1. Sticking with the crude label model, points 7 Å out along Cα→Cβ, report the distance from E126 to F189 in nm, one decimal please.
2. Over segment 80-197, average the accessible area per residue using a 1.4 Å probe and give it in Å², no decimals.
3. Could you calculate the contour length gain from R32 to A136, that is, 0.36 nm times the residue separation minus the distance between their Cα atoms, to one decimal place in nm?
Amino acid sequence: MANAAPAAQPALLTADEFLRMPDGGVRRELVRGEVCEMTPAGSRHGRIGMRIAARLSGFVEAHGLGEVYGPDTGFMLASDPDTVRVPDVSFVTRERATRVGDVEEFWPGAPDLAIEVISPTDRFSEVDEKIEEYFAAGCRMVVIVNPRRRIATVYRSPDDVLLLREDDVLDGGDVVPGWTLPLAEVFRFDSGISGRE
């Protein structure tokens, strides 16, 4: 009996091909040339991400520090094969934003600050992989926000890690100088409903 032929490997996409794909209302990332679809995360995830983005954007704009991007902005972290990641919130310094300009394509490189809000379907191995990719591409700070545990983990490098709890204050360090955000504000639920989520 003849051996079966090995299954053909799917063709790897480039970032340009990925950019031209119709989105179909699905959020995606490109990981080493392969498309990874992300399950919609739910209302808590979106609310927390927007709250962080609003506080960060207001501060950055008031102080002329650079640009803040939302959860639809792709950052090209690696080439050949291409990797494009989409942080929930990201910041790029004024110097880098000016140098690159107002590009329509994916941002060429990592943001200076990447903030990821953990969703119920995220696997920690995938989150760890993203952290490594951000730093390998030149990111200076990564914040992982865990709504379920009401904590944030701040990475200044892969080895410089700080765990913050709900009563602590997140700060931008030398990446976003002067910016602070009490985590109690991030996790607070203001609907008039008493009690915790």
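The values are calculated or read from the model by the stated rules, or taken from the named source; none is laboratory data. Please read these numbers as outputs of a predicted model, since none were measured by experiment. Reconstructed Cβ throughout: ideal geometry from the backbone, glycine too, with neighbour counts over all protein chains shown. Accessible surface areas use protein heavy atoms only, side chains included; no ligands, DNA or RNA. Shrake-Rupley method; radii C 1.70, N 1.55, O 1.52, S 1.80 Å.
1. Taking the two extended label points, one gets 2.4 nm.
2. Details: 6040 Å² over 118 residues.
Accessible area per residue, segment 80-197: 51 Å².
3. Difference between extended and current length: 36.1 nm.
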